[in-house]
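Student: Here's a structure for you.
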There are 2 protein chains.
Amino acid sequence: MKTIEQQCKLAFEASIDWAIASTELKNKALLALIRELRVHETIILEANTADMDAARASGISEALLDRLLLTPERIESMAQGLETILRLNDPIGQIIEGWTRPNGIVIKKTRVPLGVVGIIYEARPNVTADVVGLALKSGNTIVLRGSSSAYRSNRAIVTVFESALKQVGLNSEGIQLLEDTSRESVTEFVSMRQYLSVMIPRGGADLIQRVVKESKVPTIETGVGNCHVFVDQTADLKKAIAIILNGKVQRPSVCNSLETLLIHEAVAEPFLPQIAEVLIQAGVELRGCPKTKTILPQVKEATPSDWETEYLALILAVKVVSGVNEAITHIRQFGTQHSELILSNDYANIELFKRKVDAAAVLVNASTRFVDGSEFGFGAELGISTQKLHARGPMGLNELSTVKYIVEGDGQTR
Amino acid sequence: MKTIEQQCKLAFEASIDWAIASTELKNKALLALIRELRVHETIILEANTADMDAARASGISEALLDRLLLTPERIESMAQGLETILRLNDPIGQIIEGWTRPNGIVIKKTRVPLGVVGIIYEARPNVTADVVGLALKSGNTIVLRGSSSAYRSNRAIVTVFESALKQVGLNSEGIQLLEDTSRESVTEFVSMRQYLSVMIPRGGADLIQRVVKESKVPTIETGVGNCHVFVDQTADLKKAIAIILNGKVQRPSVCNSLETLLIHEAVAEPFLPQIAEVLIQAGVELRGCPKTKTILPQVKEATPSDWETEYLALILAVKVVSGVNEAITHIRQFGTQHSELILSNDYANIELFKRKVDAAAVLVNASTRFVDGSEFGFGAELGISTQKLHARGPMGLNELSTVKYIVEGDGQTR
């Protein structure tokens, strides 16, 4: 078994070739990945069956089994995801800006790959294809630390990819799937500072928090979204119902779904019964503050922990507030700086909300579900960053790049 | 004494006011800082005298005493530094880009402050004024963790600044000087993730490494520069001498100075005796590889550790290499991704070096000493980042900002 350090070093050594690969070569490699994925579907499905059998025997939940499962349709969908990446513009090699200094030296700020990207993810083998595609297109080699329960599936996909890379002449050591998938191995992996440029944890809040705390490698924190909607006195209540319903029920398990409704006290009386009816009909459990309960006595009372919980389920906390300022204060206290929404027709309140709410995305009169790479028009998405350094909000290929200054002179000294 | 957590929380609470302060107000505040600094020169100098006396009594080295010392000229230079920052463009509020999606939602990528900036620095009280000015101009509040030996000086400067802020009506709690300056306090400070957006260590390699390893707050690593120059066969040797002399001796204690000379074997014979004469005359000690020693028998032999040492002193390691490829391999192995220089007239070799060397700045035929915020034309500099995330190379005000997406609609749902 190769050690984690050996595998990270291999990816680092391959990164010099990948970084200078032309867009033409990278696209040829992506085409090979897509072709080989389709050709070797059976091998991958067989490996997945072995993973599924082992997972079932170990008593894993149905929800986790469904994530782990691969089908011909899911493999086709992975191939189509790679086709999307193939069509994206290559950010590498871009000259972002350039200028000449008074002494004649010319400075060019150019876009280059990060180097080696580390990814830690859960038992979703489709992520393997996705992140390899994004890394390859942006000239980064990649070290994958998938779940042990998906190891056979991941290994089969990576083997297929390695053979595709060999066909086009790109160093196949640029994709490393960690062989050591023990829980302790994460700690070692996130200390590989000399080889890895960035660590991206993709998964639940626990995994992300562990990586953020332990990592010596610069990390991009993704995903946790305790998102609020504030319904102002002047909101269009009909549109408000549609937007809140969309934000809560269209896909409750994702980070840009709504978790708390803040309602202006002046419209709580007419609005809460209307929205409650629609939400309850859609299977949503409401948890209200004392004022909410005076209007909707049937709902459960919210406890302090409700305000800070990202349910990722059909539950919505509801609080009556005195106006936009209390809404902003509440969001500042409990929000996770992901996506925050105001529904209003009051110019001053909207402007205040936009300026004072600190989040990756602040929305006005549109569903939080739009905070997403493809809805933003980025083509593919690497995740949604909730941190402020390097990347914030939906991340596209640019976020897998850094800059290199090229300084050209003719003998200048200081 | 206020605890570290209390002080970080105060800065966090003030950050909402600072983030939305207009450029006009921030400039008014900077003018007040400049004025009060000049008016209260005596108070600051008295505090500094107390620090200097205590430092002398504790037997601190002359070099450190010189860093700690304030004089009327140094205070005036701090004021002038703030005047430079006053004249910089305010990056905050910039709409970086914006577009309309097919469904009619409008997305604007705007520039906003990071929030609260944490700075850990050594006993240079002038840094206090510098970083407060940069933070203020970019709308960030700041928590300063200066050296205990400079505490009285820093406290005097911060007190003067607080009174200046009060005069213009900007929340003076936006500047926090940590009262606890024990060595252990760094560990607590770098764990204040809930309040601090970024941690910037400014100082020696030991401090930076400690912060990078311990910090739970996203960190920008600055400063370590093991910079190389490669003299190619086709280099203009006269210009090469001037550039190498400039890079090594103009200011050897800074990160963009040269530490290793790599020389093409084909020109080692004529070039090494010439450059050695000039450097030795300037007081530089050379440490050479075995091939270097056959040409310059008088120089000390380089040990393996010489290749990885950032001397920050009048010492230069010298190695004869077979050509550009060996130079690139050496730099990849020992460089710190700061500034790397090729002196050559060969187009293909220059292109190869530019593409394959992975560093914040790659230079061609110009001194590494130009890799600097003011030499780049940024006006002021926050340091030189040697990491790849968020900021790379000389950092200006933009690097103290992040983005906020504003998404505006008219009832859209998914």
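The values are calculated or read from the model by the stated rules, or taken from the named source; none is laboratory data. Just so we're clear, the structure is a prediction, and the values are computed from it rather than from any experiment. We place every Cβ from the backbone using ideal geometry, glycine too, and count neighbours over all the protein chains shown.
Student: With respect to the numbered conditions (1) away from every other protein chain (no Cβ under 13 Å); (2) part of a helix (DSSP H, G or I); (3) buried (at least 21 other Cβ atoms within 10 Å of the Cβ), which one is the sole condition not fulfilled by residue A:255?
Tutor: That leaves (2) as the condition not met.
Student: Sticking with this one: Within the range B:393-414, which residues are more than 16 Å from residue B:95 (Cα to Cα), surrounded by fewer than 24 Cβ atoms within 10 Å (Cβ to Cβ) and at the interface with chain A (Cβ under 8 Å from one of its Cβ atoms)?
Tutor: Once the filter is applied, which keeps residues that are more than 16 Å from residue B:95 (Cα to Cα), surrounded by fewer than 24 Cβ atoms within 10 Å (Cβ to Cβ) and at the interface with chain A (Cβ under 8 Å from one of its Cβ atoms), the range B:393-414 yields B:409, B:410, B:411, B:412, B:413, B:414.
Student: Looking for whichever is crowded, with 19+ Cβ neighbours inside 10 Å and without any contact (Cβ under 8 Å) to a residue 40 or more places away in the chain here; the options are A:133, A:146. Which one fits? If you could, list the steps in order and put the result at the bottom.
Tutor: Values: A:133 fails: without any contact (Cβ under 8 Å) to a residue 40 or more places away in the chain.
It is A:146.
Student: Tell me, which strands (runs of 3 or more DSSP E) wholly within the range A:71-123 include 1 or more residues that are buried (at least 20 other Cβ atoms within 10 Å of the Cβ) and away from every other protein chain (no Cβ under 11 Å)?
Tutor: Fully inside the range A:71-123 and qualifying: A:116-121.
Student: Among the residues of the range A:356-389, which ones are among the aliphatic types (A, V, I, L, M), facing chain B (nearest Cβ under 9 Å) and outside any loop (DSSP other than H, G, I, E, B)?
Tutor: Across the range A:356-389, the qualifying residues are A:361, A:362, A:363, A:364, A:366.
Student: Does the range B:315-331 include one or more residues that are modelled with pLDDT of 95 or more, more than 28 Å from the chain's Cα centre (by Cα) and assigned to a loop (DSSP other than H, G, I, E, B)? Can you show your working first?
Tutor: Going through the range B:315-331, the residues modelled with pLDDT of 95 or more turn out to be B:315-331.
The next check asks that each one be more than 28 Å from the chain's Cα centre (by Cα); those that pass are B:319-326.
From what is left, the residues that are assigned to a loop (DSSP other than H, G, I, E, B) are B:322-323.
Yes.
Student: Sort out which residues of the range A:201-252 are outside any helix (DSSP H, G or I), touching a Leu at 6+ places or on another chain (Cβ under 6 Å) and more than 24 Å from residue A:388 (Cβ to Cβ), and write them in order of number.
Tutor: A:231, A:235, A:252, listed by residue number.
Student: Which numbered condition in (1) in contact with a His (Cβ under 6 Å, 6 or more places away or on another chain); (2) acidic (Asp, Glu); (3) under 30 Å from residue B:13 (Cα atoms) is the only one that residue B:232 fails?
Tutor: (3)
Student: Can residue A:223 be described as under 18 Å from the mean Cα position of the chain (by Cα) and among the small types (Gly, Ala, Ser)? Full working, then the answer.
Tutor: Details: under 18 Å from the mean Cα position of the chain (by Cα): yes; among the small types (Gly, Ala, Ser): yes.
Taking the combined requirement at face value, the residue satisfies it.
Student: Any chance you could count how many residues in the range A:132-164 are of a type in the set (Lys, Arg) and outside any helix (DSSP H, G or I)? Outline the logic, then answer.
Tutor: Within the range A:132-164, the subset of a type in the set (Lys, Arg) is A:137, A:145, A:152, A:155.
Narrowing further to those that are outside any helix (DSSP H, G or I): A:145.
Matching residues across the range A:132-164 total 1.
Student: I've got another one for you. Condition (residue is within 21 Å of residue B:79 (Cβ to Cβ), in a helix (DSSP H, G or I) and among the aliphatic types (A, V, I, L, M)) applied to the range B:165-172: is it met by at least one residue? Please lay out each step first, then the result.
Tutor: First pass over the range B:165-172, keeping only residues within 21 Å of residue B:79 (Cβ to Cβ): B:165-168, B:170, B:172.
Pick out the ones that are also in a helix (DSSP H, G or I) and you get B:165-168, B:172.
Keeping just the survivors that are among the aliphatic types (A, V, I, L, M) gives B:165, B:168.
Yes: the range B:165-172 contains one or more residues that are within 21 Å of residue B:79 (Cβ to Cβ), in a helix (DSSP H, G or I) and among the aliphatic types (A, V, I, L, M).
Student: Whether any residue in the range A:329-340 is in contact with a helix residue (DSSP H, G or I) (Cβ under 8 Å, 6 or more places away or on another chain) and crowded, with 24+ Cβ neighbours inside 10 Å is what I want to check.
Tutor: Looking for residues that are in contact with a helix residue (DSSP H, G or I) (Cβ under 8 Å, 6 or more places away or on another chain) and crowded, with 24+ Cβ neighbours inside 10 Å, one finds at least one in the range A:329-340, hence yes.
Student: Can you name the condition, by its number, that residue A:167 falls short on among (1) within 13 Å of residue A:29 (Cβ to Cβ); (2) crowded, with 24+ Cβ neighbours inside 10 Å?
Tutor: (2)
Yes or no, residue by residue, for (1) under 24 Å from the mean Cα position of the chain (by Cα); (2) without any contact (Cβ under 8 Å) to a residue 40 or more places away in the chain; (3) more than 15 Å from residue B:165 (Cα to Cα):
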| site | (1), (2), (3) |
| --- | --- |
| B:14 | no, no, no |
| B:18 | yes, no, no |
| B:23 | no, no, no |
| B:30 | yes, no, no |
| B:34 | yes, no, no |
| B:41 | no, yes, yes |
| B:44 | no, no, yes |
| B:56 | no, yes, yes |
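Student: Moving to a separate point now. So if I check each of B:341, B:352, which one is modelled with pLDDT of 95 or more, within 11 Å of chain A (Cβ to nearest Cβ) and either assigned to a helix (DSSP H, G or I) or over 30 Å from residue B:126 (Cβ atoms) (or both)? Lay out the reasoning, then the answer.
Tutor: Details: B:341 fails: either assigned to a helix (DSSP H, G or I) or over 30 Å from residue B:126 (Cβ atoms) (or both).
Testing whether each residue is modelled with pLDDT of 95 or more, within 11 Å of chain A (Cβ to nearest Cβ) and either assigned to a helix (DSSP H, G or I) or over 30 Å from residue B:126 (Cβ atoms) (or both) leaves just B:352.
Quick grid of which residues meet (1) polar (S, T, N, Q); (2) crowded, with 23+ Cβ neighbours inside 10 Å:
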| position | (1), (2) |
| --- | --- |
| B:202 | no, no |
| B:205 | no, no |
| B:219 | yes, yes |
| B:224 | no, no |
| B:230 | no, yes |
| B:238 | no, no |
| B:242 | no, no |
| B:248 | no, yes |
| B:269 | no, no |
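Student: If residue A:263 meets every condition in (1) of a type in the set (A, V, I, L, M, F, W, C); (2) in a loop (DSSP other than H, G, I, E, B); (3) outside the structural domain of residue A:146 (by TED's automatic domain parsing) apart from one, which number is that one?
Tutor: (2)
Student: If I filter the range B:1-12 down to residues being buried (at least 16 other Cβ atoms within 10 Å of the Cβ) and out of contact with any helix residue (DSSP H, G or I) (no Cβ under 6 Å at 6 or more places or on another chain), which single residue comes out as nearest to the other protein chains (Cβ to nearest Cβ)? Quick ask: steps written out before the conclusion?
Tutor: Filtering the range B:1-12 for residues buried (at least 16 other Cβ atoms within 10 Å of the Cβ) gives B:4, B:7-12.
Among the residues that remain, those that are also out of contact with any helix residue (DSSP H, G or I) (no Cβ under 6 Å at 6 or more places or on another chain) are: B:7-9, B:11-12.
Details: B:7: 19, B:8: 15, B:9: 12, B:11: 14, B:12: 10 Å.
Across the range B:1-12, the extreme among qualifying residues is B:12.
Student: Okay, moving on. Residue check, residue B:336 against (1) in a loop (DSSP other than H, G, I, E, B); (2) not assigned by TED's automatic domain parsing to the domain that holds residue B:237, all met but one. Which one?
Tutor: Status for residue B:336: all satisfied but (2).
Student: Quick check on the range A:205-252: of everything there that is within 9 Å of chain B (Cβ to nearest Cβ) and small (Gly, Ala, Ser), which residue is farthest from residue A:276 (Cα to Cα)? Break it down stepwise before answering.
Tutor: We begin by selecting, within the range A:205-252, every residue within 9 Å of chain B (Cβ to nearest Cβ); these are A:212-213, A:216, A:218-221, A:236, A:238-240, A:242-243, A:245-247, A:250-251.
Checking which are small (Gly, Ala, Ser) leaves us with A:240, A:242, A:247.
Details: A:240: 12, A:242: 12, A:247: 14 Å.
Among those residues, the one meeting the criterion is A:247.
Student: For the range B:294-314, give me each residue that is closer than 19 Å to residue B:274 by Cα and either small (Gly, Ala, Ser) or in a helix (DSSP H, G or I) (or both).
Tutor: To start, the set of residues in the range B:294-314 that are closer than 19 Å to residue B:274 by Cα comprises B:294-301, B:314.
Once the filter is applied, which keeps residues that are closer than 19 Å to residue B:274 by Cα and either small (Gly, Ala, Ser) or in a helix (DSSP H, G or I) (or both), the range B:294-314 yields B:294, B:295.
Student: Moving to a separate point now. Please state which one of B:21, B:79 is farther than 17 Å from residue B:128 by Cβ and out of contact with any Cys (no Cβ under 7 Å at 6 or more places or on another chain). Steps first, answer last, please.
Tutor: Working: B:79 fails: farther than 17 Å from residue B:128 by Cβ.
One residue alone meets the criteria, B:21.
Okay, residues lined up against (1) surrounded by fewer than 17 Cβ atoms within 10 Å (Cβ to Cβ); (2) part of a helix (DSSP H, G or I); (3) out of contact with any strand residue (DSSP E or B) (no Cβ under 6 Å at 6 or more places or on another chain):
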{"site": "A:15", "(1), (2), (3)": "no, yes, no"}
{"site": "A:21", "(1), (2), (3)": "no, no, yes"}
{"site": "A:31", "(1), (2), (3)": "yes, yes, yes"}
{"site": "A:38", "(1), (2), (3)": "yes, yes, yes"}
{"site": "A:44", "(1), (2), (3)": "no, yes, yes"}
{"site": "A:53", "(1), (2), (3)": "yes, yes, yes"}
{"site": "A:56", "(1), (2), (3)": "yes, yes, yes"}
{"site": "A:63", "(1), (2), (3)": "yes, yes, yes"}
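Student: Right, residue B:88: over 30 Å from residue A:359 (Cα atoms) and either without any contact (Cβ under 8 Å) to a residue 12 or more places away in the chain or assigned by TED's automatic domain parsing to the domain that holds residue B:11 (or both) or not?
Tutor: On the way: over 30 Å from residue A:359 (Cα atoms): no; either without any contact (Cβ under 8 Å) to a residue 12 or more places away in the chain or assigned by TED's automatic domain parsing to the domain that holds residue B:11 (or both): yes.
No, not satisfied.
Student: Could you check the range B:173-200 and list, in sequence order, the residues that are of a type in the set (A, V, I, L, M, F, W, C) and either more than 14 Å from chain A (Cβ to nearest Cβ) or part of a loop (DSSP other than H, G, I, E, B) (or both)? Spell out the reasoning first.
Tutor: Going through the range B:173-200, the residues of a type in the set (A, V, I, L, M, F, W, C) turn out to be B:175, B:177-178, B:186, B:189-190, B:192, B:196, B:198-200.
Once the filter is applied, which keeps residues that are of a type in the set (A, V, I, L, M, F, W, C) and either more than 14 Å from chain A (Cβ to nearest Cβ) or part of a loop (DSSP other than H, G, I, E, B) (or both), the range B:173-200 yields B:175, B:177, B:178, B:186, B:189, B:190, B:192, B:196.
Student: Next question. Out of the range A:255-282, which residues are in contact with a strand residue (DSSP E or B) (Cβ under 7 Å, 6 or more places away or on another chain) and acidic (Asp, Glu)?
Tutor: Passing the criteria: A:259, A:265.
Student: Mind checking which residues of the range B:178-192 are without any contact (Cβ under 8 Å) to a residue 60 or more places away in the chain and either surrounded by 16 or more Cβ atoms within 10 Å (Cβ to Cβ) or acidic (Asp, Glu) (or both)?
Tutor: First, pick out the residues of the range B:178-192 that are without any contact (Cβ under 8 Å) to a residue 60 or more places away in the chain: B:181-184, B:187, B:191.
Residues satisfying the conditions are B:181, B:184, B:191.
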